[in-house]
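One structure is given below, encoded as structure tokens.
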Amino acid sequence: MKLVFVFISILPLWLAAQTVHLDDKKIEYRGDVKLEGISQTEIFNRAKNVLQKVVQPVTDIAVNEKGQELKTIGVIRLTTPYPIIRNLCYTLKFSAKKDGYHYKIEDVSLWEKHRGEEGHFISPKDIVDKLDDPGVSTVEAEHTLNAIDLNLQKILALIKNKMKE
């Protein structure tokens, strides 16, 4: 009986961990964050610095002063076995608002290279399609989606915390 209780109490945590955001087999994160007592201009100025530090963009941050919008491309090196190099690539859009900000992460893909071979991009659709295949590819696809989710959630949490400073 105790085992059933433990399983039932842990089940919501396990289900909550599966949070990769899929929209038509594309990975997208979007949301609004409230920041009380900070002007829209201050939010925008803070965001330029925060994105530079947290995202470590591949390209310069595109700035739209009039619309108070920022756009950048980020890359995160994922942990893999030695023979595989895998990078998570994404686009982050940020809009300052009167009472906070809006973010959107889109164009998520993986760049993968086996040492000694040419690298190639893997779309989220290809990863999600592997979930339907039984066996090892399903486990690898789940592991990859969890790594993507963990890293993107980490970026969002870091941005949120740094914006409050």
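The values are calculated or read from the model by the stated rules, or taken from the named source; none is laboratory data. All figures in this text were calculated on a predicted structure; none of them were measured in a lab. Cβ coordinates were reconstructed from backbone atoms using ideal geometry, including for glycine residues, and neighbour counts include every protein chain displayed.
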Can you give me the number of residues within segment 37-72 that are in contact with a strand residue (DSSP E or B) (Cβ under 8 Å, 6 or more places away or on another chain), in contact (Cβ under 8 Å) with a residue 60 or more places away in the chain and assigned to a helix (DSSP H, G or I)?
-> 3
Over segment 55-78, the set of residues modelled with pLDDT of 90 or more, of a type in the set (Gly, Ala, Ser) and over 12 Å from the mean Cα position of the chain (by Cα) is 62
Reported set for segment 62-77 where residues are of a type in the set (A, V, I, L, M, F, W, C), in contact with a Lys or Arg (Cβ under 8 Å, 6 or more places away or on another chain) and surrounded by fewer than 17 Cβ atoms within 10 Å (Cβ to Cβ) is 62, 63
Given (1) closer than 30 Å to residue 40 by Cβ; (2) touching a residue at least 12 places away in the same chain (Cβ under 8 Å), where does residue 84 come up short, assuming only one miss?
-> (1)
Within segment 128-146, track down each residue that is of a type outside the set (Lys, Arg), free of Cβ contacts under 8 Å to residues at least 24 places away in the same chain, closer than 21 Å to residue 24 by Cβ and in a helix (DSSP H, G or I).
-> 138, 141, 142
Lone unmet requirement of (1) modelled with pLDDT of 95 or more; (2) under 21 Å from residue 148 (Cβ atoms); (3) not charged (D, E, K, R) for residue 81 | (1)
Return a yes/no flag: does segment 121-129 have any residue that is within 27 Å of residue 52 (Cβ to Cβ) and acidic (Asp, Glu).
-> no
Might you let me know whether segment 123-135 holds any residue that is of a type outside the set (Asp, Glu), loosely packed, with under 14 Cβ neighbours inside 10 Å and at positive phi?
-> yes
From the list 26, 34, 2, which residue is surrounded by fewer than 16 Cβ atoms within 10 Å (Cβ to Cβ), modelled with pLDDT under 90 and touching a strand residue (DSSP E or B) at 6+ places or on another chain (Cβ under 9 Å)?
-> 26
Across (1) without any contact (Cβ under 8 Å) to a residue 12 or more places away in the chain; (2) farther than 29 Å from residue 101 by Cβ, residue 154 clears everything bar (2)
Within segment 96-117, residues being touching a residue at least 60 places away in the same chain (Cβ under 8 Å), among the charged types (D, E, K, R) and assigned to a strand (DSSP E or B) number 3
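For segment 39-59: of the residues being in contact with a helix residue (DSSP H, G or I) (Cβ under 9 Å, 6 or more places away or on another chain) and surrounded by fewer than 17 Cβ atoms within 10 Å (Cβ to Cβ), which is farthest from residue 87 (Cα to Cα)?
By that ranking, first place goes to 49.
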Hey, residue 62 at negative phi, touching a helix residue (DSSP H, G or I) at 6+ places or on another chain (Cβ under 6 Å) and small (Gly, Ala, Ser) or not = no
